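Right, one structure below, let's go through it.
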DNA sequence: ATGAAAGCGCTAACAT
DNA sequence: ATGTTAGCGCTTTCAT
């Protein structure tokens with residue numbers, strides 16, 4: 001990489017002259033500016049980012065901590081973050097916590113050494129279960145703002161971007177009730193997460209508004225054979241005529257399992273699930289889905305963090321942004 | 001963030017004494033070391049990463065350029081890269097090229113300003129179609145090594161990690177032939193990629209080794225309705241009794257479509273496809289899959305790059321590492 | 001209009 | 001054993 005020093009030497013001027021010329025300072029003579037810019041272009045000079053960061057005490061880099069990048073929703077949020085950050089001139093350093101509290105702490109620690117200006121993160125499962133938040137608070141008090149998305153620690157004062165999970169399943173369940181479904185089950189492999197709990201409550205509220213109805217909840221654990229579990233559940237409860245799936249796989253699997261058991265979907269059973277467009281194609285008929293607009297969530301988070309970074313002096317109050325879900329009706333409901 | 005300067009002041013010693021003490025230099029007195037470390041711990045001192053990078057002219061950061069993070073395979077490779085890099089003390093800055101040549105060039109440019117020590121990347125689709133490689137060469141000649149994975153530019157001299165795509169489909173096709181399948185189709189939405197071409201050739205070779213057999217190739221375009229296209233293809237060619245799917249969706253969709261058309265899988269038709277374990281669960285019966293060991297690919301790429309970074313002076317020859325696929329036989333084949 | 005110098009935080013060669 | 005100094009690449013204030 002060429003440096004200002006080398007350019008200065010070759011042009012027989014001082015370093016500061018070169019610097020000013022490249023930054024279009026009024027102070028420098030027209031002719032000099034021309035010569036400097038010419039040589040800089042020739043050598044493809046780019047200001048050294050590290051030196052700039054040191055000088056200006058900001059890196060224009062955001063630390064992103066994701067629990068699991070193989071989760072399609074989280075990957076999509078990351079996509080949204082990257083796109084918005086790039087648009088606004090920021091880079092992102094990505095760390096994967098693997099749902100581990102320890103790794104989350106570590107990533108926060110390591111990047112808080114001057115590598116990034118702030119964080120966007122989704123709280124790890126273990127962190128949510130143990131309800132630890134000190135590491136977040138410590139980071140914030142060090143002057144590094146955090147924006148949390150999806151799974152958030154409610155008692156940490158920071159900006160947040162969340163989904164109206166409760167409302168989403170409440171409305172979806174209401175939709176199945178409107179189809180006159182009588183036995184609606186709830187299937188989830190995210191029971192332990194804050195969002196999973198909200199989704200369950202939305203379902204429960206809609207069901208319990210009817211005197212004669214009962215909850216029916218199938219909880220999938222990590223180690224379970226997802227397919228088998230769902231299939232035997234549907235077999236054991238043949239009266240099920242509706243399914244609300246709280247994660248991105250259960251809906252697809254429920255449709256396929258039902259068909260495998262000889263049911264017609266949606267004639268005998270309706271299914272609504274959280275899923276991306278791509279995944280919804282993995283079932284015949286296509287899954288009626290609750291879309292979370294992951295990219296929008298990501299873009300919002302990036303936008304919020306960068307806004308805060310660029311207005312640190314204002315010390316604005318923290319905000320929580322709620323991104324609405326959409327119910328995309330296709331063929332797995334009436 | 002506390003700096004050496006502040007610690008030095010508070011301890012009434014010089015900055016270099018503090019620095020040496022913290023770096024366990026022999027020069028410093030035992031008692032001083034103790035005092036310094038104590039205060040550093042109290043203030044939770046961490047060396048400023050940016051200052052270190054500037055001083056040592058290396059960032060311990062890798063630039064990763066991924067064409068599409070919503071592609072499960074690529075996300076998994078990223079996972080592998082992140083894990084290995086973290087293990088070896090490196091951070092990763094992630095850019096998403098969105099399959100665009102322009103964005104790929106831009107990311108390379110921006111990060112080559114001192115932000116990273118080298119790159120790991122998967123060539124964008126547009127770049128492969130236009131066969132442009134100058135930007136890679138330029139980056140390398142600037143002293144920033146590149147490791148390419150999966151889709152590579154063969155005429156760029158750099159380390160590479162690839163999959164034995166040709167062999168994978170060749171053997172898979174042979175497998176179907178061994179089941180005595182007579183009409184084996186090839187379905188792909190990655191025809192334009194280097195890997196897609198290799199996969200097609202592997203299939204073609206196995207088929208054409210039989211005098212009486214012909215190729216049958218369904219090409220899915222981005223804008224197509226994947227489901228509809230596959231279904232009508234299977235309907236129009238009812239004699240198909242075997243499918244090799246070159247991408248991660250076509251296999252799942254082929255099974256579901258066949259069942260929808262009243263076929264029994266694998267009795268009437270066998271299907272083998274590239275897919276991850278999770279996705280293979282999206283079909284009943286589970287898809288017999290070609291696994292690419294994405295995490296291993298990522299880990300290898302990171303390991304290769306970091307090895308090169310730490311041995312720049314040796315100027316070692318470039319290597320190409322081939323990661324073998326595995327055929328996981330489940331229920332969609334006999 | 002141009003240049004010298006200080007300083008961002010750190011390390012290390014070189015005094016003392 | 002401790003301190004002084006220079007320097008990584010850059011911007012910016014303050015001379016000239």
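The values are calculated or read from the model by the stated rules, or taken from the named source; none is laboratory data. The structure presented is a predicted model; accordingly, all values stated were derived computationally and were not measured. Note that each Cβ is placed from the backbone with ideal geometry, even for glycine, and that neighbours are counted across all protein chains shown.
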Seminar exercise, completed: Pairs returned, first residue in segment B:196-215 that is free of Cβ contacts under 8 Å to residues at least 24 places away in the same chain, second residue that is part of a loop (DSSP other than H, G, I, E, B), beta-carbon separation under 8 angstrom, 6 or more apart or interchain, are B:197/B:191; B:204/B:215; B:208/B:215
Exercise. Residues A:37, A:76, A:58: which one is touching a residue at least 24 places away in the same chain (Cβ under 8 Å) and within 16 Å of DNA strand D (Cβ to nearest atom)?
Worked result: A:58
Exercise. Does at least one position in segment B:306-320 carry a residue that is assigned to a helix (DSSP H, G or I), touching a strand residue (DSSP E or B) at 6+ places or on another chain (Cβ under 6 Å) and over 28 Å from residue A:285 (Cβ atoms)?
Worked result: yes
For this session: Just need a number here: residues in segment B:40-55 that are within 12 Å of DNA strand D (Cβ to nearest atom) and not in a helix (DSSP H, G or I).
Result: 1
For this session: Could you tell me which of the residues B:84, B:99 is on the phi > 0 side of the Ramachandran plot, more than 16 Å from DNA strand C (Cβ to nearest atom) and assigned by TED's automatic domain parsing to the domain that holds residue B:117?
Result: B:99
For this session: Scan segment B:281-299 for residues that are surrounded by fewer than 24 Cβ atoms within 10 Å (Cβ to Cβ) and either at pLDDT below 85 or not in a helix (DSSP H, G or I) (or both) and report the count.
Result: 6
Exercise. Of the residues in segment A:182-231, how many are out of contact with any helix residue (DSSP H, G or I) (no Cβ under 8 Å at 6 or more places or on another chain) and within 14 Å of another protein chain (Cβ to nearest Cβ)?
Worked result: 6
Seminar exercise, completed: Among residues of segment A:232-244 being part of a helix (DSSP H, G or I) and under 21 Å from residue A:289 (Cβ atoms), the residue farthest from the other protein chains (Cβ to nearest Cβ) is A:233
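Per-residue answers, yes or no, for (1) within 11 Å of another protein chain (Cβ to nearest Cβ); (2) under 25 Å from residue B:183 (Cβ atoms):
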site	(1), (2)
B:249	yes, yes
B:254	no, yes
B:258	yes, yes
B:268	no, yes
B:271	no, yes
B:275	yes, yes
B:286	yes, yes
B:290	no, yes
B:295	yes, no
For this session: Scan segment A:4-15 for residues that are outside any helix (DSSP H, G or I) and within 13 Å of DNA strand D (Cβ to nearest atom) and report the count.
Result: 2
Exercise. Only one residue in A:101, A:121, A:42 is within 30 Å of residue A:290 (Cβ to Cβ), surrounded by fewer than 20 Cβ atoms within 10 Å (Cβ to Cβ) and more than 13 Å from chain B (Cβ to nearest Cβ). Which one?
Worked result: A:101
For this session: Specify which of the listed residues (B:153, B:178, B:124) is modelled with pLDDT of 95 or more and assigned by TED's automatic domain parsing to the domain that holds residue B:213.
Result: B:178
Exercise. If you take the residues in segment B:27-37 that are at pLDDT below 95 and within 21 Å of residue B:55 (Cβ to Cβ), which one is nearest to DNA strand C (Cβ to nearest atom)?
Worked result: B:27
Exercise. Counting only residues that are out of contact with any helix residue (DSSP H, G or I) (no Cβ under 7 Å at 6 or more places or on another chain) and facing chain A (nearest Cβ under 7 Å), which one in segment B:48-85 is farthest from residue B:21 (Cα to Cα)?
Worked result: B:82
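Yes or no, residue by residue, for (1) outside the structural domain of residue A:249 (by TED's automatic domain parsing); (2) within 11 Å of DNA strand D (Cβ to nearest atom); (3) under 27 Å from the mean Cα position of the chain (by Cα); (4) not in a helix (DSSP H, G or I):
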| site | (1), (2), (3), (4) |
| --- | --- |
| A:17 | yes, yes, no, no |
| A:25 | yes, yes, no, yes |
| A:33 | yes, no, no, no |
| A:64 | yes, no, yes, yes |
| A:70 | yes, no, yes, yes |
| A:80 | yes, no, yes, no |
| A:89 | yes, no, yes, yes |
| A:93 | yes, no, yes, yes |
For this session: Using the structure shown, decide if residue A:172 is farther than 30 Å from residue B:52 by Cα and surrounded by 22 or more Cβ atoms within 10 Å (Cβ to Cβ).
Result: yes
Problem set entry | Selection status of residue B:178, within 27 Å of residue B:275 (Cβ to Cβ), surrounded by fewer than 21 Cβ atoms within 10 Å (Cβ to Cβ) and more than 14 Å from every other protein chain (Cβ to nearest Cβ) | yes
